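Here is the structure we will look at.
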Amino acid sequence: MNLLDELRTLDPKQPGNWPWPIKAGAFALIFVAIQVGAFFLVWQGQNEAIEAGRVEVDKQKQAFLEKKKLAVNLESYKQQRAEIEQSFGALLKQLPNKSEMDALLIDINQAGLGRGLAFDLFKPSQTENFTEFYAELPVNIKVTGNYHDLGAFTSDVAKMPRIVLLTDLKIDPPSKEGTLSMEAVAKTYRYLDEEEVAKQRKAAKDAKGKGGKAGGK
């Protein structure tokens with residue numbers, strides 16, 4: 001009798017009478033079925049929970065290391081902030097306030113006259129260009145003089161305690177008398193008072209709000 005015939009003659013109600021090779025095979029199948037069932041019913045969920053826990057532990061560990069790094073460098077950050085605030089304060093001191101702007105314009109004019117230059121044009125703009133903390137006032141100028149006086153004038157402006165930038169420089173060819181004509185835009189800056197800063201921030205906030213509403217339509 002072959003194995004297939006033996007399987008057909010087995011009595012499922014009396015497994016104790018089965019031949020031992022068939023018993024061993026049956027036990028192996030039952031063991032495998034239990035393992036597969038346990039995996040899908042129990043172990044798979046536990047493995048997923050364990051993996052999720054590992055991911056969360058890694059996140060918490062990374063957050064801890066970042067906070068630890070910040071805590072270790074806290075004093076350094078405080079010192080850097082103090083230095084930045086000090087530098088910012090020094091820069092603000094180089095910007096005049098609204099009441100000092102007229103004096104600054106006079107200083108620019110006097111710098112040119114002191115070098116013997118003739119002003120053909122000295123015209124501050126009627127409007128200022130505003131940012132959050134300062135305003136820019138362009139001044140269109142045109143001066144006439146010799147080469148060395150023009151160079152000395154630009155150097156004097158650059159050395160002023162207040163910030164003045166000469167931009168858009170244009171020098172015309174020498175005239176018959178040997179003098180040169182220079183056109184430029186002198187950009188001066190002043191810091192805004194508290195009321196103006198608040199106004200600029202409100203305008204920026206309103207513009208941002210309008211942009212958000214327009215994007216949502």
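Bear in mind that the values in this text are calculations on the coordinates, not laboratory data. The shown structure was predicted, so the numbers you read here are calculated from the model rather than taken from an experiment. When we count neighbours, we look across all protein chains shown, and the Cβ atoms used for this are built from the backbone with ideal geometry, even at glycine.
A compact table of results
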{"quantity": "Over 24 Å between alpha carbons, listed pairs LYS123/LYS205; LYS98/LYS199; LYS98/LYS208; LYS187/LYS208", "calculated": "LYS123/LYS205; LYS98/LYS208; LYS187/LYS208"}
{"quantity": "Order of TYR134, TYR77 - criterion: other Cβ atoms within 10 Å of each residue's Cβ, fewest first", "calculated": "TYR77, TYR134"}
{"quantity": "R0 of 30 Å, Cβ-Cβ distance THR179-ARG81: FRET efficiency to nearest 0.05", "calculated": "0.05"}
{"quantity": "Residue order, fewest to most beta carbons within 10 Å, for ILE163, ILE50", "calculated": "ILE50, ILE163"}
{"quantity": "Cα Rg over Rh - region 67-168, Kirkwood", "calculated": "1.19"}
